[in-house]
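A.B. asks: Have a look at this one.
We did not get these values from a lab; they are worked out from the coordinates using the rules stated. Computed from a predicted model, the values in this text were never measured in an experiment. As a convention, Cβ positions derive from the backbone with ideal geometry for all residues, glycine included, and neighbour counts pool all protein chains shown.
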Amino acid sequence: MIRHAPHRDWLVIIAIFGAGFVLVVLTGIYLFRGVSDGVLFVPSSTDSVAVPSSLDRASLVSTMSYYTDKAAKLETLKSSPLNLIDPSI
């Protein structure tokens, strides 16, 4: 026969939450100290990072002109009146 005991159920829920919280905090402290001391997540000497040799100026100019055009269009839209009909009128 199952007995209903809300107090016990809440105690179990809070205990599980508390244990999980403590586990997460301890894991965070462990990872922080490991990374800070240089023990965890240290790249090996065989890992290489791809560094671009030079800047692609054509791509940079293209991106800058795209966002300049976008800013100009935004200013045009902000200064022009809306073409929407107000449904509350």
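A.B. asks: Would you mind working out the magnitude of the charge dipole of the range 14-89 relative to its Cα centre, with +1 at each Lys and Arg C-beta and -1 at each Asp and Glu C-beta, to the nearest 20 Debye? Can you show the working numbers first?
C.D. replies: Values: 5 positive and 6 negative charges, 16 e Å.
Here the range 14-89 has a charge dipole of around 80 debye.
A.B. asks: Where does the range 1-41 land on Rg/Rh, using Cα atoms and the Kirkwood Rh?
C.D. replies: 1.39
A.B. asks: Using 0.36 nm per residue, how much length does the chain from Ser79 to Phe21 gain when fully extended, once their Cα-Cα distance is taken away?
C.D. replies: 15.7 nm
A.B. asks: Using just the Cα positions, wrap the chain in a convex hull and report its mean projected area in square nanometres, one decimal place.
C.D. replies: Seen from a random direction, the Cα hull of the chain projects 19.2 nm² on average.
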